[in-house]
Structure formats: C-alpha cells, structure tokens
Amino acid sequence: MFDAVERDLGPVDLLVTNAGIARSADALSMSAETWHEIMRVNLDGTFHAVWRAKDGMVARGFGRIVCISSVLGLVPNPISTERMFAYGTSKAAIIGFVRQCAAALGPAVRVNGVAPGYVETDMTADVSDEAHERLTAAAALKRFGQPEEIAELVHFLLSERSSFTTGQTHIADGGTKFVP
C-alpha cells in the first residue's frame with residue numbers, strides 16, 4: 001500500500017491509523033485466539049503503518065501522525081467493559097504507543113491520538129436499542145457522535161493549527177468521560 005501511494009502521490013507526510021475490530025467476549029472466558037486477533041488488527045495494524053512511514057518522515061524533517069484509539073482505552077465503561085476487555089486493552093496500548101512515538105520521533109514528527117466515544121459507524125450499528133439508550137443517557141450531549149465530527153479533530157491535529165501539540169490523546173465522546 002505504501003509503495004503504491006508513494007509511487008502515485010509522493011512521500012507520506014500525513015498518516016492516520018484507524019485499525020479497529022471488536023469481538024464481544026466475556027473477559028473471564030475469552031479465548032487466546034480472540035485476544036490475538038484483536039491485538040493483531042488494532043495494535044499491530046497501528047504499529048506497522050507508523051513504522052513504515054516514520055523513517056521517511058524523520059529523514060524529510062516533517063511528519064504528522066494521528067492514531068485512533070477509543071475512550072475505552074482510557075476509562076473502562078461499566079456498561080461494556082466485560083465484553084470489550086481485549087478491545088479496551090488494545091486501545092489503551094495505542095495511547096501508550098502515541099506517547100512513546102511522540103518522544104522518539106520529535107521534533108520532526110508530531111504524533112497524537114484521538115479517543116472517540118460511541119460514533120455512528122458500522123462497528124456500532126448492531127448496538128441494541130437498550131444499550132444505545134443507556135449509552136446516550138450517560139453522555140452529556142445525549143447522542144452518539146458522527147464520523148465527520150471525529151474527522152474534524154483529526155484534520156486539526158494534522159494541521160499547523162496544532163503545531164504545539166504532540167504525544168496527546170484527545171477525547172471526542174460527547175461528554176461521557178471527563179478525564180484530566
């Protein structure tokens with residue numbers, strides 16, 4: 001993929017990683033296979049994309065990376081923690097990865113994260129009506145987010161308007177989690 005992009009469009013200066021799968025599995029009986037599948041997609045997928053892009057960014061003295069995590073990587077949700085154990089763990093690892101990359105790749109490359117809450121996507125399409133009601137009731141804005149709202153934050157982090165920001169994970173969850 002990177003070879004094709006670089007051949008057709010030039011060097012990769014801006015990168016957004018957005019790997020994510022979730023498997024509903026009880027935390028106490030989840031299989032190692034389920035754990036590894038989630039880690040391969042969510043965490044390893046993020047790692048491989050960043051690792052492929054970083055050398056060129058550092059060599060050119062410019063790069064912007066945004067890694068999509070989740071609020072479940074910051075604070076477990078009592079409504080879904082038991083079923084989203086591996087997902088939340090993988091997204092917490094991405095938050096740590098963002099911090100480490102920011103320290104290692106700066107000052108040429110800025111690396112930040114975005115931790116969305118529940119957003120209306122294919123991944124949340126099968127949320128039951130009961131769970132949807134509980135989740136929206138728990139949010140200050142009383143709704144799920146829209147993909148465009150997350151995209152606006154990502155755009156900001158890729159732009160020069162965020163030129164003094166690196167190593168941070170920004171929450172966009174409609175006021176579900178209030179984390180310092």
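The values are calculated or read from the model by the stated rules, or taken from the named source; none is laboratory data. Computed from a predicted structure; not experimentally measured. Because the Cβ atoms are built from the backbone with ideal geometry, glycine has one as well, and the counts that use them run over all protein chains shown.
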Legend entry - Single match in Phe164, Phe144 (criterion: over 15 Å from the mean Cα position of the chain (by Cα), at pLDDT 90 or above, surrounded by 15 or more Cβ atoms within 10 Å (Cβ to Cβ) and of a type in the set (A, V, I, L, M, F, W, C)): Phe144
Legend entry - Selection from region 33-42 of residues that are under 18 Å from Gly96 (Cα atoms) and either of a type in the set (Phe, Trp, Tyr) or surrounded by fewer than 19 Cβ atoms within 10 Å (Cβ to Cβ) (or both): Met39, Arg40, Val41
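Is it the case that Glu149 is over 30 Å from Lys54 (Cα atoms), part of a helix (DSSP H, G or I) and not aliphatic (A, V, I, L, M)?
Criteria not met by Glu149.
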Inset, instruction - Mind telling me which of the residues Ala125, Ala139 ends up being closer than 27 Å to Trp35 by Cβ and either at pLDDT 95 or above or not charged (D, E, K, R) (or both)? - result: Ala125
Inset, instruction - Could you please tell me which pairs satisfy a Cβ distance under 7 Å, a separation of 6+ or placement on different chains, a first residue in region 131-144 that is closer than 14 Å to Lys177 by Cβ, and a second residue that is surrounded by 12 or more Cβ atoms within 10 Å (Cβ to Cβ) and polar (S, T, N, Q)? - result: Ala138/Thr176; Ala139/Thr176
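Does Val114 count as in contact (Cβ under 8 Å) with a residue 40 or more places away in the chain, in contact with a His (Cβ under 7 Å, 6 or more places away or on another chain) and not acidic (Asp, Glu)?
The answer is yes for Val114.
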Inset, instruction - Please go through region 87-97 and pick out each residue that is surrounded by fewer than 24 Cβ atoms within 10 Å (Cβ to Cβ) and of a type in the set (A, V, I, L, M). - result: Ala92, Ala93, Ile95
Legend entry - Listing of helices (runs of 4 or more DSSP H) fully contained in region 1-108 that carry 3 or more residues being within 18 Å of the chain's Cα centre (by Cα): 32-39, 45-60, 85-105
